[in-house]
1. If you take the residues in the stretch A:215-240 that are farther than 17 Å from A:T40 by Cβ and basic (K, R), which one is surrounded by the most Cβ atoms within 10 Å (Cβ to Cβ)?
2. Can you tell me which residues in the stretch B:160-178 are within 21 Å of B:F209 (Cβ to Cβ) and not in a helix (DSSP H, G or I)?
3. Across the stretch B:79-102, what is the number of residues that are more than 21 Å from the chain's Cα centre (by Cα) and part of a helix (DSSP H, G or I)?
4. Inside the stretch B:112-159, can you point out the residues that are among the β-branched types (V, I, T), farther than 23 Å from B:S260 by Cβ and touching a strand residue (DSSP E or B) at 6+ places or on another chain (Cβ under 9 Å)?
5. Among the listed residues A:Q186, A:Q153, which satisfies the condition of being touching a residue at least 12 places away in the same chain (Cβ under 8 Å) and within 21 Å of B:A187 (Cβ to Cβ)?
6. So is B:T34 hydroxyl-bearing (S, T, Y), surrounded by 23 or more Cβ atoms within 10 Å (Cβ to Cβ) and within 12 Å of the chain's Cα centre (by Cα) or not?
7. Which of the residues that make up the stretch B:103-149 are without any contact (Cβ under 8 Å) to a residue 12 or more places away in the chain and either crowded, with 21+ Cβ neighbours inside 10 Å or on the phi > 0 side of the Ramachandran plot (or both)?
Amino acid sequence: MLQLRNLTKTFFPNTPNEVRALQGVTLDIEEGSFVIVIGTNGSGKSTLLNAAAGTFPLDAGTITLAGRDVTKWPEHRRAAMIGRVFQNPFSGTAPNMTVAENLALAARRGQPRGLGSLLPAKLHSELRDRVATLNMQLETRMNNPIGTLSGGQRQALTLLMATWRRPDLLLLDEHTAALDPKSADQIVRLTQRIVSQHHLTTLMVTHSMQQAATLGTRIVMMNQGRVMADIAGPDRRRIRAEDLVHRFEEIRRDEQLDVSAAEMLREMYV
Amino acid sequence: MTLLISAWTIGLILSLLALGVYISYRVFAFPDITADGSITFGAAVAAAMLTRGMNPFAASGAAFLAGTLAGACTGVLHTRFRINQLLSGILVMTALYSINLHVMGQSNLPLLSARTLTTYAERIGRRLSGGDTAVLLGWPVSARELGSLLLIAAVVLLVAIAAYLFFRTNLGSAMRASGDNAQMIRALGVSVENMIILGLAISNGLIAFAGALLAQYQGFADVQMGIGMVVWGLASVIIGRALVGSDSLGSALTGTIMGSVLFRLIIAVALRWGLNPNDLKLVTAIFVFGALVLPMALGVRTSRPRPSGRPRPDGLIAR
């Protein structure tokens, strides 16, 4: 479904702030797989998602989605095939527009927008019925500005919006990180339900080892812009949250060793 | 009375300018100075066509199209060449000054002998009053003034309804969303850049249309007539916001029109009381400054509480 080949991206090249965010990442993601991406801060996992979404031009590499080379496509064009939920609950909705308007905008994701009515009565009732399935009592607030809702509520609606038209690829960028534990739990369950219901090919970034161990069919571990581990199949089924934490500690120890080795060399030779 | 009628008429004409400023400033949070040039552009195009004996409706329509072109230019400068919003507007406005002089051929173009929309308005007024003067609430009013007011009121009503309907279509809603949350609407497959270009085109089209009507009402087009018009539009939008106290689409559009008329009436009364016309722009600028700064200085919210979400910039003041 999604093929990432040798993705390379350096931000602020040739400056003191240079960040080598992606250093040749290659991944093949099969139709219907639910891939969890984990990694330390700055490991490039969010950059990987943004590269798939087309937020920035790549330095090198190609992206193929559903058989089409989308490498050169701008973000809004790729949006026809991709549904997205952001880390910040405020990013996914237009705060001054109503709940119904936001959903109706999403119902036309990637389609031409002309002078037809945004909210015909039929669509409005359809939207309300789907919102009712969230069990958050939001169906009574369809005409309220979405900015008056809580972060958890907005994130649930964003998830609904991203998947209203079935996307070829669903991108979830730490979409529970900014929520309180109870709301986060609710969103995780909703994510699980929607993804399995529609058999969505999903790429989800998370900081939570618990989520990584319980959700999904495959775990990709990133560090310093590279894929460090790719765990699928029987290995994936055996893995527990502690194992993942342990792996991270190993990486950190290796890095510290590098740092102390460099320190030692500097003391000896400089 | 004539003074009041005239203030109403000009207020309504400039409410089209205010609607244009509403689109750029409120919908997109884009402080678009092109308006100063495009209102004159509209007046110049209409005047040049009218003095050549062309149909007033065609001339007014051409003014609208000329304005859309100017707005689209500003939009392209900003989105494709990544020039700062204010600077894009300034560049197009400055270029328009020369273009306007070329279009008019001189710095002031009188329309006294040309057939304009005012000619039609006068005919309507005569038919209604049965003579040169009508009596309105016990005051004599010329048929020309009465007809102009009615014609303009009808035009503004139509434009407001069209704007209301447009912003509830798929395209219009995508435009509102582009101003509200660009990241979100991009992720839903809309090119925010194209929306800005289209939005500024419509905005400046309306503003140029207002210029065409103003030139026909006052009987001349002048290359200087656009100076300070953005600030005028801002004042109208801000007063309108205070009058209706709501951000919903219908009340925002109504408020903007009411704000423009009210502001014109205030100015007319102030001039009557002896305000030096030379101080007009100064007073307008100070008024807008006060409206932008006072709420912040007093620590009062200017809009309804937003418990969450990105607050819409209420002023041009960077935070």
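The values are calculated or read from the model by the stated rules, or taken from the named source; none is laboratory data. Remember, predicted model here, so these are calculated numbers, not experimental data. Positions of Cβ are backbone-derived with ideal geometry, glycine not excepted, and every protein chain shown enters the neighbour counts.
1. If we take residues in the stretch A:215-240 being farther than 17 Å from A:T40 by Cβ and basic (K, R), then A:R218 is surrounded by the most Cβ atoms within 10 Å (Cβ to Cβ).
2. B:F167, B:T169
3. Residues in the stretch B:79-102 being more than 21 Å from the chain's Cα centre (by Cα) and part of a helix (DSSP H, G or I): 4 in total.
4. B:T133, B:V135
5. Just a single option satisfies the conditions, and that option is A:Q153.
6. Answer is yes for this residue.
7. Listed by number, the residues that qualify are B:G130, B:G138.
Condition check ((1) surrounded by fewer than 19 Cβ atoms within 10 Å (Cβ to Cβ); (2) outside any helix (DSSP H, G or I); (3) at pLDDT below 90) across all residues:
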position: A:T158; (1), (2), (3): no, no, no
position: A:T176; (1), (2), (3): no, yes, no
position: A:L200; (1), (2), (3): no, yes, no
position: A:A213; (1), (2), (3): no, no, yes
position: A:E242; (1), (2), (3): yes, no, yes
position: A:E249; (1), (2), (3): yes, no, yes
